[in-house]
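**Student:** Have a look at the structure that comes next, please.
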Amino acid sequence: MFLDELKKRNVPSLKSRAEMLELLQREEYGCLPKTPESFVWEAEPGVADNFCAGKATLEKLTFRVVVNGKDFVFPVYLAVPTAEGPHPFFVHINFRSDVPDRYMPTEELIDNGFAVLSFGYEDVTRDDGDFTSGLAGVLYENGKRAPHDAGKIALWAWAAMRCMDYAEHDERLDCAKSVVCGHSRLGKTALLTAALDTRFAFGYSNDSGCAGAALFRGKKGEQLDDIYRQFPFWFSESFGRYVGKTDALPFDQHYLLASIAPRYVYVASAAGDDWADPASELLSCYAAAAGDKEAFPYEETSEDYDFNLHAGRIGYHRRPGLHYFSREDWNRFIAFFEGSSKARKAERL
C-alpha cells in the first residue's frame, strides 16, 4: 500500500503552493532570475527543405533578452505542422539542438498533431561549475553566487519559460495545451519549469529520479549526497547543508509535483533505471495527490515492470528498459494527454 510506505518514510505533509515553491527555490534549486526587461526574437523560416515530407515547417528562432541590463541570446527550433492550427505543443528542453534527435521523434510528434519548441540546454549555460558561461555569466558578476541564487537547473528552467513567452505571440500554438518536458536532469528542469510557470498545462518528466520526481527519503539508487557531490552547480549552494542529513530536509520532491497542481503532471519511469528508482518516483505521485482520488486514484500497484496509470491529473508509466527518452515514452504520454483532453472537454459539457 502506498500509504503505509509513505508513513514509513516519514514524508512531510504538503503545504500551500507558495510555501512549497519558496522552500524548493531557497533550499534546493535556487531562486529563479527575474523575467527579462525585454524579449524579442528573430525567425529564420524554412531551415530544412520539405521538412517531415511537407507535413511541417522547421524554423530557427533566435531569442534576444535583456536581463540585469545585459543582453543574452540563445537559439530555439520550432517544428510546426502545416495543417491548420492552433496546435498543442511541447517545449522540449533537450541535450542537443538537433531536430529530430534521438530523444525527440519529431515527425511522429507532428503526425500526432503537435508542434515542438526545442533547445539544447548548453546553449543557455554550460553543464558545469562555471558560472561565467552564457546566462549564468549575465546574472552573476565574476561567476559568484549568493547561497540561495539559482543553480543551473533553475537557469535552464528560466530559458524554457522564454519559449512560453514566444508561444503566446504565435497563433499557430495553443497555449492551453502546452507541455514542458525533458529527460533525466532535464526532466528535473521540466518539473521545476511547470511548477513555477502556471502557463504550462502539463509538466512531463522522463526518468528524472533524484532531485526530480523521486522522493529523497527512503530512496534507492542515487542519493542526495551522491547528486550534490557530483553536481553541486545544479542547485543552490544552500542545498549542500543537507548532505548527510536527508531527513532534515524541510520538504521532499512531492512538493515539486504538487506545486504543478491543479494542472497536469506526468512522470515516466524505466523498469531497469535503478539509479533513478522508479518506486520512489511512483510513490511521489501518490504523495503529491495527498489522498485526492481525482488527482491520483490509485492506492497500490503490482510489482509489474510495465504499466500505465492514466486515470487522474497525475499520470505515470513504467516501461521495460533502461534510462532513455524513447519513442515509447512519448507515445505513452500522448495517450495520457489525449485522455486528459477528453476529460476536460467532458467537464465543459
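**Student:** Using θ = phi - 60° and the Karplus relation 6.51 cos²θ - 1.76 cosθ + 1.60, list the HN-Hα couplings for segment 139-147 in order, rounded to whole Hz, with x at every Gly or Pro.
**Tutor:** Running phi through 6.51 cos²θ - 1.76 cosθ + 1.60 with θ = phi - 60° gives 8, 10, 5, 6, x, 9, 10, 7, x Hz.
**Student:** When only alpha-carbon atoms count, how far does segment 53-198 stretch along each of its three principal axes, as whole angstroms with the largest first?
**Tutor:** So the three principal-axis extents are 48, 29, 25 Å.
**Student:** Something else: Over the chain, average the accessible area per residue using a 1.4 Å probe and give it in Å², no decimals.
**Tutor:** Value for the chain: 40 Å² per residue.
**Student:** Using the crude model of +1 on Lys and Arg Cβ and -1 on Asp and Glu Cβ, and no other charge, please compute the dipole size for the chain relative to its Cα centre, in debye to 20.
**Tutor:** In total the dipole reaches around 720 debye.
**Student:** Show me the three semi-axes of the equivalent ellipsoid for segment 243-349, from the C-alpha gyration tensor (sqrt of 5 times each eigenvalue), largest first, rounded to whole Å.
**Tutor:** Numbers: eigenvalues 110, 75, 28 Å².
Each semi-axis is √(5λ); the values are 24, 19, 12 Å.
**Student:** Turning to a different aspect of this structure: Rounded to whole Hz and in sequence order, give me ³J(HN,Hα) for segment 53-63 from the Karplus expression 6.51 cos²θ - 1.76 cosθ + 1.60, θ = phi - 60°, writing x for Gly and Pro.
**Tutor:** With coefficients 6.51, -1.76 and 1.60, one gets 6, x, 7, 8, 10, 10, 10, 9, 9, 10, 8 Hz.
**Student:** Quick check: at a probe of 1.4 Å, how many percent of the accessible area of the chain sits on carbon and sulfur atoms?
**Tutor:** Working: 6760 of 13980 Å².
Exposed carbon and sulfur together represent 48 percent of the surface.
**Student:** Moving to a separate point now. Of Gly134, His148, Tyr166, which is farthest on the positive side of the dipole of segment 127-186, counting Cα position, with +1 on Lys and Arg Cβ, -1 on Asp and Glu Cβ, and the Cα centre as origin?
**Tutor:** His148
**Student:** Given points 7 Å out from each Cα along the Cα-Cβ axis, report the Ala335 to Arg145 separation in nanometres with one decimal.
**Tutor:** If labels sit at Ala335 and Arg145, their model points lie 3.9 nm apart.
**Student:** Let me ask another. Quick one: among Lys293, Lys34, Lys15, which has the greatest mean-square fluctuation in a GNM of the chain with alpha-carbon springs under 10 angstrom?
**Tutor:** So, out of Lys293, Lys34, Lys15, the one fluctuating most is Lys34.
**Student:** With each run of n ≥ 4 DSSP H residues scored as -39500 (n - 2.57), what mean residue ellipticity at 222 nm is computed for the chain after dividing by its residue count and rounding to the nearest 500 deg cm²/dmol?
**Tutor:** Details: 10 runs with 102 residues, N = 349.
About -8500 deg cm²/dmol.
**Student:** Greater than 20 Å separation of Cα atoms is the criterion. Which listed pairs, Lys34/Lys144; Lys60/Lys152; Lys15/Lys177; Lys34/Lys177; Lys15/Lys152; Lys15/Lys219, meet it?
**Tutor:** As for pairs spanning more than 20 Å Cα to Cα, those are Lys60/Lys152; Lys15/Lys177; Lys34/Lys177; Lys15/Lys152; Lys15/Lys219.
**Student:** Considering only DSSP beta bridges whose two residues both sit in the chain, what percent are antiparallel, to the nearest 5? Could you put the intermediate results ahead of the total?
**Tutor:** On the way: 26 of 55 bridges.
Given both bridge residues lie in the chain, the antiparallel proportion sits at roughly 45 percent.
**Student:** Give me the dipole magnitude in Debye, nearest 20, for segment 202-340 about the Cα centre, with unit charges on the beta carbon: positive for Lys and Arg, negative for Asp and Glu.
**Tutor:** Dipole magnitude for segment 202-340 comes out near 360 debye.
**Student:** Take the alpha-carbon centre of segment 46-74, take the same for segment 100-137, and report the distance between them in whole Å.
**Tutor:** 12
**Student:** Go through segment 1-84 and name the GluC sites (Glu not before Pro) that are in a DSSP coil and have 14 or fewer other Cβ atoms within 10 Å of their Cβ.
**Tutor:** In loop regions of segment 1-84 (DSSP not H, G, I, E or B), the sparsely surrounded GluC sites (Glu not before Pro) are Glu37, Glu84.
The values are calculated or read from the model by the stated rules, or taken from the named source; none is laboratory data. Only a predicted model underlies this, so the values are computations on that prediction, with no experimental measurement involved. All Cβ positions, glycine included, derive from the backbone under ideal geometry; neighbour counts span all protein chains shown. Note: accessible area is taken over every heavy atom of the protein model, side chains too, but ligands, DNA and RNA are not part of it. Shrake-Rupley method; radii C 1.70, N 1.55, O 1.52, S 1.80 Å.
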